[in-house]
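Everything on this sheet refers to the single structure shown next.
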Amino acid sequence: MATFEPPLETDGRRLRAVRSRDQIVEAMLALVGEGEMNPSAAQVAERARVGLRSVFRHYEDMDALYCEMSARIEAEILPLISAPFQARDWRGRLGELLARRAQIYERLMPFRVAGAVRRFQSAYLMQDQARMRALETETLRAIVPRSIIGDAALFASLDLAAGFEAWRALRQDQGLPRKRAEEAVRRLVEGLVGQL
């Protein structure tokens with residue numbers, strides 16, 4: 001039985017389209033990673049070395065591009081998020097979670113901040129930020145004992161101290177180096193759960 005072979009011209013066009021999409025996403029990642037919090041389609045096109053029309057041919061709007069960018073970053077950090085904890089007790093796991101989050105938040109910071117800048121203009125980014133926040137809360141809830149979860153104010157305080165916004169404030173607003181920010185988060189968390 002014969003198999004269908006697409007014409008080489010079609011394959012070449014498809015490969016160029018895939019390459020253009022990759023260049024566009026990589027350009028967006030680079031711009032945001034370098035601190036451009038709200039890159040325009042023109043900036044992305046220039047950085048990707050493609051025409052502006054190519055950006056909108058591959059991505060209907062900037063939200064679609066943010067969606068693709070988020071998917072790539074999430075795929076990159078997912079192994080760290082889903083890795084099993086080594087510690088057997090909740091305190092040890094909480095310590096591991098804080099160390100992982102420091103690593104994850106360092107990678108995500110420019111992208112989360114850029115998303116926060118645009119989220120009030122984008123239903124996708126608003127939903128994505130809420131999804132990420134819920135994931136942080138559920139991850140913490142899976143580790144700590146019921147006595148902490150049952151104390152709504154304590155759990156909310158712990159969730160805030162171990163969350164991205166605290167990390168961002170320490171690193172950006174206070175200008176702490178990473179190690180000092182990690183220490184500050186650890187002390188905050190220990191202060192909350194130390195007596196339990």
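The values are calculated or read from the model by the stated rules, or taken from the named source; none is laboratory data. Model, not experiment: these values are computed from the prediction. Here the Cβ positions follow ideal geometry from the backbone for every residue, glycine too, while neighbour counts run over all protein chains shown.
For segment 25-136, which helices (runs of 4 or more DSSP H) that fit wholly inside it have 2 or more residues that are at pLDDT 95 or above and of a type in the set (S, T, Y)? Qualifying helices (runs of 4 or more DSSP H): none found. Contact annotation: residue pairs with Cβ atoms under 9 Å, 6 or more positions apart or on different chains, pairing a residue in segment 122-135 that is closer than 16 Å to A156 by Cβ with a partner that is modelled with pLDDT of 90 or more and of a type in the set (A, V, I, L, M, F, W, C), are R133/F164.
Results for (1) assigned by TED's automatic domain parsing to the domain that holds V113; (2) buried (at least 19 other Cβ atoms within 10 Å of the Cβ); (3) touching a helix residue (DSSP H, G or I) at 6+ places or on another chain (Cβ under 7 Å); (4) assigned to a helix (DSSP H, G or I), shown as yes or no for each residue.
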position: V144; (1), (2), (3), (4): yes, yes, yes, no
position: I148; (1), (2), (3), (4): yes, yes, yes, yes
position: L154; (1), (2), (3), (4): yes, no, yes, yes
position: S157; (1), (2), (3), (4): yes, no, yes, yes
position: L160; (1), (2), (3), (4): yes, no, yes, yes
position: W167; (1), (2), (3), (4): yes, yes, yes, yes
position: Q172; (1), (2), (3), (4): yes, no, no, yes
position: G175; (1), (2), (3), (4): yes, no, no, no
position: A181; (1), (2), (3), (4): yes, yes, yes, yes
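Of the candidates A75, A48, the single residue that is out of contact with any Cys (no Cβ under 9 Å at 6 or more places or on another chain), among the small types (G, A, S) and free of Cβ contacts under 8 Å to residues at least 24 places away in the same chain is A75. Among the residues of segment 58-95, those identified as touching a Leu at 6+ places or on another chain (Cβ under 8 Å) and under 20 Å from A27 (Cβ atoms) are Y59, D63, Y66, M69, R72, I73.
Considering only segment 86-119, state which residues are under 17 Å from T137 (Cβ atoms) and either touching a residue at least 40 places away in the same chain (Cβ under 8 Å) or of a type outside the set (A, V, I, L, M) (or both). Passing the criteria: W90, R93, L94, L97, L98, R100, R101, Y105, L108, R112. Being hydrophobic (A, V, I, L, M, F, W, C) and closer than 21 Å to R187 by Cβ is a property that A114 lacks.
Would a scan of segment 119-130 turn up a residue that is under 20 Å from A83 (Cβ atoms) and of a type in the set (A, V, I, L, M)? Lay out the reasoning, then the answer.
First pass over segment 119-130, keeping only residues under 20 Å from A83 (Cβ atoms): none.
So far as segment 119-130 goes, no, none of its residues is under 20 Å from A83 (Cβ atoms) and of a type in the set (A, V, I, L, M).
Screening segment 183-196 for residues that are under 17 Å from Y105 (Cα atoms) and without any contact (Cβ under 8 Å) to a residue 24 or more places away in the chain and picking the one that is surrounded by the fewest Cβ atoms within 10 Å (Cβ to Cβ) gives E183.
Let's see how each residue does on (1) of a type in the set (K, R); (2) under 21 Å from L29 (Cα atoms):
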residue	(1), (2)
P110	no, yes
A114	no, yes
K179	yes, no
A184	no, no
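Somewhere in segment 68-77, is a residue over 23 Å from G175 (Cα atoms) and outside the structural domain of E165 (by TED's automatic domain parsing)? Looking for residues that are over 23 Å from G175 (Cα atoms) and outside the structural domain of E165 (by TED's automatic domain parsing), one finds none in segment 68-77, hence no.
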